[in-house]
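Right, one structure below, let's go through it.
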There are 2 protein chains.
Amino acid sequence: MADTKVYRASTTAPVNIAVVKYWGKRDPKLNLPTNSSLSVTLSQADLRTLTTASCATSFAGDSLMLNGEQSDISGARTQACFRELRARRAALEAANTSLPKLSTMGLKLVSENNFPTAAGLASSAAGFAALVQAIANLYELPDTPAQLSIVARQGSGSACRSLFGGYVAWRMGDKEDGSDSMADLVAPASHWPNMRALILVVSAAKKGVSSTSGMQQTVATSGLFQQRIANIVPANMTAMEHAVKTRDFAKFAEVTMRESNSFHACCADTYPPIFYMNDISKAAIRAVESINAKAGKTIAAYTFDAGPNCVVYYLDEEAPTVLGAFSGVLGGVTGWKEGSAGVKSSVRLEDGIASVLKDGVSRVIMTSVGEGPLRTEEYLVDENGQPAKR
Amino acid sequence: MADTKVYRASTTAPVNIAVVKYWGKRDPKLNLPTNSSLSVTLSQADLRTLTTASCATSFAGDSLMLNGEQSDISGARTQACFRELRARRAALEAANTSLPKLSTMGLKLVSENNFPTAAGLASSAAGFAALVQAIANLYELPDTPAQLSIVARQGSGSACRSLFGGYVAWRMGDKEDGSDSMADLVAPASHWPNMRALILVVSAAKKGVSSTSGMQQTVATSGLFQQRIANIVPANMTAMEHAVKTRDFAKFAEVTMRESNSFHACCADTYPPIFYMNDISKAAIRAVESINAKAGKTIAAYTFDAGPNCVVYYLDEEAPTVLGAFSGVLGGVTGWKEGSAGVKSSVRLEDGIASVLKDGVSRVIMTSVGEGPLRTEEYLVDENGQPAKR
């Protein structure tokens with residue numbers, strides 16, 4: 001009797017925001033980085049991708065629907081993920097012939113983010129982490145998160161860090177085949193659970209240079225970049241791991257800010273130069289500096305990825321001061337959680353900074369450190385293999 | 001009989017805009033730089049300081065009037081210039097006792113710029129060059145421009161390059177006393193006379209970090225800066241000197257743009273970061289890139305000093321294309337010379353760039369490569385030692 005069943009598995013996966021940045025590939029095909037990096041995994045209550053992987057003999061080929069639209073899966077990176085996961089499933093099926101032959105069936109993937117794509121948040125990390133984890137769940141692979149991170153890395157470099165919660169390093173490795181370039185848990189979310197993140201979403205006039213092409217332009221043309229990968233990042237990795245392990249926020253914050261500066265400096269040193277931050281981003285930097293100056297200690301840290309949005313890390317005990325300083329100016333935009341917009345801070349941002357932020361920040365996202373991928377019984381594909389009505 | 005005469009001498013001195021940047025002191029007291037630099041001296045027809053140095057036994061102490069206002073001369077740098085020049089005069093007087101004892105008289109200096117201070121153009125280079133040259137004229141010192149550049153350097157580092165016209169290097173030297181840290185003529189203006197500069201004056205919301213304190217923050221905190229001074233600048237100096245000597249505009253332009261990027265990258269890597277360019281500056285960069293892309297070759301180069309103003313270098317033969325592209329957008333602002341604002345360029349800047357420039361550029365200055373300090377019989381102090389009526 002033919003197998004007509006639709007096999008399904010779902011997972012959610014988190015966004016991560018690097019505090020030691022990934023920028024530069026030593027092997028673009030395998031997505032092997034020029035340097036190690038370290039990130040904080042953000043809570044899935046606020047930012048997550050939900051992906052259902054399904055397969056059936058009746059599915060003609062592979063497909064991926066993302067936020068309601070069919071997505072191109074012909075790219076080498078997506079294909080590499082499918083190929084690697086199928087090979088692992090095929091090995092299981094070869095070892096145990098009673099297993100259904102899922103590796104031979106078409107894959108139907110359906111994926112949704114719980115945050116607006118327009119926010120310009122790097123969603124490819126959560127997306128590839130969810131894709132890999134969902135297929136691994138479907139295939140019942142015995143691989144550890146670290147092993148799966150090697151697969152996710154081939155989809156999108158920073159995706160490997162979204163296979164873990166908490167504080168996660170991506171060790172660059174040194175093998176040519178990339179088999180040691182994988183994610184590694186520095187500390188779980190529970191080790192330092194009071195870490196918070198406030199994201200200031202800045203409406204950019206238009207999309208800048210993509211990070212994939214941008215980083216390779218930096219590798220090829222920046223005269224300062226070699227110094228960054230040879231000396232600056234290794235020192236920052238060591239300092240950051242120590243700061244996380246000892247829960248030293250002032251050091252965590254300093255390295256986070258210096259790292260962001262170093263990364264954007266290398267972008268500016270690229271020829272032609274790449275600018276991800278704009279005048280609004282810079283006002284956010286001045287706001288953080290102002291908060292720290294008025295607090296008399298470092299209680300907030302900024303970091304920017306390949307776009308103008310500012311991520312501010314702070315600890316829950318400093319929430320009134322940090323959130324209040326921003327909500328005093330940005331109280332009118334969406335995203336404040338109950339009670340947080342009305343907080344009276346001891347810090348009042350100066351008018352020059354306040355007016356730029358007011359004009360340029362379109363929404364905020366309040367979140368915290370969170371867990372890695374979570375298996376869920378929520379399905380985006382129904383039992384008949386159709387996109388689920390929601 | 002007592003000497004009641006008022007002795008006077010005047011000079012004009014030019015502005016220079018570096019194409020290999022000075023940023024960082026290895027000895028802040030002597031103004032000794034961490035690296036050599038190279039600049040283009042701009043025409044005094046458009047930008048110059050006029051300074052009259054006068055002295056008389058009746059003058060009580062030293063004074064400097066700048067653009068109609070008394071200026072503080074108690075700073076160590078100004079004092080160093082006065083002291084050095086007086087010592088040289090005193091040596092002449094000791095060797096020839098028939099000379100009037102100018103070295104013992106009070107100095108009265110009066111100085112005026114022919115460009116608006118509000119333009120935010122680095123006027124300290126022209127100012128200190130004129131101050132030193134005017135006093136040297138008054139004292140009838142036999143020193144060469146290179147020797148005087150050592151004095152001017154102690155007033156303001158980049159001032160040493162304004163002692164020459166044309167294309168000027170500041171050799172960093174290696175002696176501890178700074179006696180070999182001086183300006184050196186790479187090529188006179190006549191060697192490459194068709195060099196032009198268009199300055200886009202950007203109205204900054206407020207003055208940023210001063211270059212004096214900014215550069216020392218970079219030296220102290222930027223992890224990328226050592227790479228710049230050890231490797232990037234020496235290579236750029238060699239490439240730039242060759243480009244000037246061979247009149248290779250494409251190479252001149254590339255090194256100019258990469259140097260500007262490298263300098264601002266090190267500012268961005270400073271902790272806390274220093275940003276001199278704003279979104280208008282970046283639109284000017286995109287405009288230059290667009291002009292070069294549409295011309296199919298490099299005919300324009302941008303550079304930025306410690307502020308948001310953009311200096312665009314180009315050759316006279318490309319004036320219609322380069323000026324036309326900007327005047328098509330900025331035709332309404334002051335500063336265009338006759339005929340230049342109406343030129344039809346083959347390049348039309350895209351709307352996104354055009355609107356940012358239109359909103360942010362307050363005036364333009366059209367100029368060219370020019371000569372070093374020129375002695376003049378125009379005096380800002382009259383024969384009685386009073387500020388001249390003008």
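List of remarks:
- With the label put 7 angstrom out from Cα along the Cα-to-Cβ vector, B:Lys297 ends up 6.3 nm from the copy partners, going from closest to farthest.
- Aspartates and glutamates with Cα under 17 Å of A:Lys108, excluding same-chain neighbours fewer than 8 positions away: A:Asp3, A:Asp62, A:Glu69, A:Asp72, A:Glu84, A:Glu140, A:Glu377, A:Glu378, A:Asp382, A:Glu383
- Overall form of region A:141-255 per C-alpha gyration tensor (a/c, 1.5; a/b vs b/c): rounded
- Inter-chain Cβ neighbour average for residues B:271-281, partner chain, 10 Å: 5
- Two-site label geometry, B:Asp143 and B:Lys251: point separation in nm, points 7 Å out along Cα→Cβ: 3.4 nm
- A run of chain B free of exposed loop cleavage sites, with GluC sites (Glu not before Pro) counted only in DSSP states other than H, G, I, E and B and at most 13 other beta carbons within 10 Å, reaches its longest extent at B:177-337.
- Coordinate range along principal axes, alpha carbons of region B:171-326, Å, largest first: 46, 38, 22
- Mean separation of Cα contacts under 8 Å (6+ apart) over length of chain B, as relative contact order %: 23 percent
- 26 Å Cα-Cα reach of A:Lys175 towards lysines, excluding residues that sit fewer than 8 places from it in its own chain: A:Lys21, A:Lys25, A:Lys29
- Label-point spacing for B:Asp3 across the identical copies (point 7 Å from Cα in the Cβ direction), in nm and ascending order: 10.8.
- Cut-off 15 Å between beta-carbons: net charge of the residues surrounding A:Arg161, Lys and Arg +1, Asp and Glu -1: -1
- Rounded, prolate or oblate (a/c below 1.5 giving rounded, otherwise prolate when a/b exceeds b/c) for chain B by Cα gyration tensor: prolate
- Label-to-label distances for A:Ser74 across copies, nearest first, come out at 7.6 nm, using points 7 Å from Cα in the beta-carbon direction.
- Unit charges at the beta carbon, dipole of the protein assembly as shown: most positive-side option, A:Val186, B:Asn261, B:Thr49: B:Thr49
- Across region B:259-390, the mean sequence separation of Cα contacts (distance under 8 Å, 6 or more residues apart), normalised by length, yields a relative contact order of 19 percent.
- Within chain B, helices built from complete DSSP H runs that reach 20 Å or longer along their own axis (Cα positions) and carry a mean Kyte-Doolittle hydropathy of 1.0 or higher are B:124-138.
- Going by neighbour counts of Cβ atoms within 10 Å, the residues B:Val347, A:Val233, A:Val201 line up, fewest first, as B:Val347, A:Val201, A:Val233.
- Among A:Arg348, B:Arg26, the order by Cβ neighbours within 10 angstrom, fewest to most, reads A:Arg348, B:Arg26.
- Computing Rg and the Kirkwood Rh from the Cα coordinates of the protein assembly as shown gives a ratio, Rg/Rh, of 1.07.
- Distance from region B:329-390 to region A:318-390 (C-alpha centre basis), Å: 48 Å
- Alpha carbon centroid spacing (whole Å) that separates region B:44-118 from region A:108-161: 71 Å
- Relative exposure of A:Asp359, B:Asp305, B:Asp269, judged by other C-beta atoms within 10 Å (fewest first): A:Asp359, B:Asp305, B:Asp269
- Overall form of region B:44-193 per C-alpha gyration tensor (a/c, 1.5; a/b vs b/c): oblate
Taken together, the values in this text are just the output of simple stated rules run on the coordinates, not laboratory data. Keep in mind it's a predicted model, so treat the numbers as computed, not measured. Virtual Cβ from ideal backbone geometry, glycine too; neighbours counted across all protein chains shown.
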